[in-house]
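Heads up, the thing below is written out as structure tokens.
The values are calculated or read from the model by the stated rules, or taken from the named source; none is laboratory data. Predicted model, so just to flag it, every value in this text is computed and none were measured. Glycine also receives a Cβ, built like all others from the backbone with ideal geometry; neighbour counts cover every protein chain displayed.
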Amino acid sequence: MCGFDVFARCSLGFLLGLVVLLLAMSLSLSAQEPTHIFYPWLVPGDFKERISMSDRVIAATVRSTHPIGVDSVDGIELTALRAECDVDRVFKGPPAHHLVFTWFSFAPPPKNSGGVIGSTPPISSFRVGTRYLVFLRRRHSEWVVSVPLFALELKLASPKPSSPADLSEVPPNVRNEAIAEELETAALLLPEPPAGMTGFAPLYFAPVFDLLGGCVEPFFRRFISSRSAELRGAAQRWLALLADKKLTCAKELSIHSE
């Protein structure tokens, strides 16, 4: 048994040990706090801005993709990935059958951190074997995505054999109609969404609206007969917007005649 003096010394030693343990735990937890990063890039509000800001716009199927290291873009460290793709249509920029470009994802979190916290638009995610509408710009001697990190690309359906491959020299309205046709085809070929869900087709609604204006009405009406109440509602809201803005089509588009 401890006497009073010994008991006091035992208690003091225990308290000092407890303080040291709590301090170590506090330092460990603070070292693992998530890192907050501000990503300065913006996704263009109008879909046609994606075209105007890009040096090259293509429809291509990704053949391979792999990380090539960490790249500093506008002072932000990102994981750079190299993608090889087979090009089947060119909407802007020099024609090509095969192309290599760089895209970006989040960089690995710093050591002794709890990860990275941020609220961002959808992040680019190019998958092998998938066909995309890709927006690129020239950076020195290479091609990179027009906006770092954030997804400008859209998934496309398989190409039509009769589609013209090179549209780089056509008037902008003809090019926009061709891109809209690609997006409409992709949306209309998506499977019916499960009950209670909107599905992925509405992801194409705003881009086609931006490209075609009032001529988009027949496209939206194709979804009015959907078995999904949510998808029908999304189409009806866009039709209501057309009516509210009094937008009409000045000509008949071939892409709506099917």
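Assorted remarks:
- Qualifying residue in region 201-222 (condition: surrounded by fewer than 17 Cβ atoms within 10 Å (Cβ to Cβ), hydrophobic (A, V, I, L, M, F, W, C) and outside the structural domain of GLY93 (by TED's automatic domain parsing)): yes
- From PRO171, PRO161, PRO207, residue being at pLDDT below 95 and out of contact with any Asp or Glu (no Cβ under 9 Å at 6 or more places or on another chain): PRO161
- Region 183-202, residues that are polar (S, T, N, Q) and assigned to a helix (DSSP H, G or I): THR185
- Residues in region 146-198 that are touching a Ser or Thr at 6+ places or on another chain (Cβ under 6 Å) and outside the structural domain of SER124 (by TED's automatic domain parsing): PRO193 alone.
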